[in-house]
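> Dropping the structure in here first, questions after.
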Amino acid sequence: MTHLLRIQRLSHAEGLPLPRYETAGAAGMDLIAANADDAPVVLAPSQRALVPTGLVLQLEPGFEAQVRPRSGLALKHGVTVLNAPGTIDADYRGEVQVLLVNLGQEPFTITRGLRIAQMVVAPVTTVTLVEVANVDETARAAAGFGSTGMVRNLG
Ligand SMILES: O=c1ccn([C@H]2C[C@H](O)[C@@H](COP(=O)(O)OP(=O)(O)OP(=O)(O)O)O2)c(=O)[nH]1
């Protein structure tokens with residue numbers, strides 16, 4: 001189902017395209033770096049930076065936007081979203097920013113207009129907590145963290 005999402009472009013995003021779905025079945029819209037032309041962000045190995053998008057969202061209550069890495073940047077350069085998935089709350093009216101980290105071994109330069117991450121809009125379920133003395137039992141109980149066997153080595 002397609003919803004409308006109000007979006008405001010801040011002055012430093014003027015001239016940049018709005019995020020868009022690149023294919024008919026894409027889940028995410030690419031987010032574009034809106035740093036100034038003459039201010040590329042150079043990420044040294046292990047360094048992180050908050051990259052502006054120049055965009056403000058007006059999400060409807062009951063929705064969030066997730067900021068996720070682009071697999072191509074991660075594979076080719078080791079550049080990913082440090083806090084993935086970043087959460088844009090429905091009541092947030094600040095600029096969407098992307099916290100990128102360079103896990104690669106070479107410096108990586110973020111120039112204006114680079115597609116740095118992707119945004120997935122998703123419904124949010126909220127809950128009311130009900131504190132109980134004991135939660136219901138299950139067959140699994142507390143087993144986890146590899147209890148069903150070692151992770152297969154696919155390499
Ligand atoms: O990758 C991100 C993550 C968050 N935000 C914005 C939107 C979000 O609604 C707000 C707060 O994010 P979060 O709840 O993750 O931050 P926090 O560290 O818990 O700070 P706060 O106390 O401001 O909520 O910051 C971004 O622009 N990009």
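The values are calculated or read from the model by the stated rules, or taken from the named source; none is laboratory data. Note that the structure is predicted; figures quoted are calculated from it, not measured. Just the protein is used for accessible areas: all its heavy atoms, side chains included, with ligands, DNA and RNA removed. Shrake-Rupley method; radii C 1.70, N 1.55, O 1.52, S 1.80 Å.
> Among Ala74, Ala34, Ala65, determine the one that fluctuates most according to a GNM of the chain built with springs between C-alpha atoms less than 10 Å apart.
Ala74
> Next question. With a 1.4 Å probe and all protein chains in place, put Val130, Val96, Val42 in order of accessible area, largest first. Show your work: numbers first, answer last.
Numbers: Val130 115, Val96 5, Val42 85 Å².
Descending order: Val130, Val42, Val96.
> Determine ³J(HN,Hα), in whole Hz, for all residues of region 24-35 in sequence, where each value follows from phi through the Karplus function 6.51 cos²θ - 1.76 cosθ + 1.60 and θ = phi - 60°; x replaces Gly and Pro.
Along region 24-35, the couplings run 4, x, 5, 8, x, 9, 6, 9, 10, 5, 10, 5 Hz.
> Taking only C-alpha pairs under 8 Å that are 6+ residues apart, what is the relative contact order of region 70-155 in percent?
27 percent
> Which ³J(HN,Hα) values in Hz, rounded to whole numbers, follow from the phi angles of region 79-92 under the Karplus curve 6.51 cos²θ - 1.76 cosθ + 1.60, where θ = phi - 60° and Gly and Pro get x?
9, 9, 8, 5, 9, 4, x, x, 10, 9, 6, 4, 9, 7
> Using a 1.4 angstrom probe on the protein heavy atoms only, could you order Asp136, Asp89 from most to least accessible area?
Asp136, Asp89
> Please state, as a whole number in µm²/s, the translational diffusion coefficient that the Stokes-Einstein equation yields for region 90-138 at 4 °C and 1.567 mPa s, with Rh defined as the Kirkwood radius across alpha carbon pairs.
Result for D is 79 µm²/s.
> Shifting gears a bit: What is the set of long-range amide H partners of Gln47 at a cut-off below 5 Å, with H atoms built 1.01 Å from backbone N?
HN-HN under 5 Å from Gln47: Asn102.
> Something else about it: So what is the diffusion coefficient of region 1-52 in µm² per second by Stokes-Einstein at 4 °C and 1.567 mPa s, using a Kirkwood Rh over Cα pairs?
D = 95 µm²/s.
> Also, I was wondering about something else. Counting each DSSP H run of 4 or more residues in the chain as -39500 (n - 2.57), what helix-only mean residue ellipticity at 222 nm follows after dividing by all residues, to the nearest 500 deg cm²/dmol?
The per-residue figure over the chain is -1000 deg cm²/dmol.
> For region 1-119, compute Rg over Rh where Rg is the Cα radius of gyration and Rh is the Kirkwood radius from the inverse mean 1/r over Cα pairs.
Radius of gyration relative to Kirkwood radius: 0.96.
> For a quick check, take a GNM of the chain with Cα springs below 10 Å and name the residue from Thr80, Thr111, Thr138 with the largest mean-square fluctuation.
It is Thr138.
> At a threshold of 8 angstrom on Cα-Cα distance, excluding pairs fewer than six apart, so keeping six or more, what relative contact order does the chain reach in percent?
Relative contact order comes out at 28 percent.
> So what are the ³J(HN,Hα) numbers for region 55-66, from phi and the Karplus equation (6.51, -1.76, 1.60; θ = phi - 60°), rounded to whole Hz, Gly and Pro as x?
Karplus values, whole Hz, x for Gly and Pro: 10, 10, 9, 10, 6, 6, x, x, 10, 9, 10, 9.
> To the nearest 10 square angstrom, how much accessible area does Met119 have with a 1.4 angstrom probe?
Answer for Met119: close to 10 Å² accessible.
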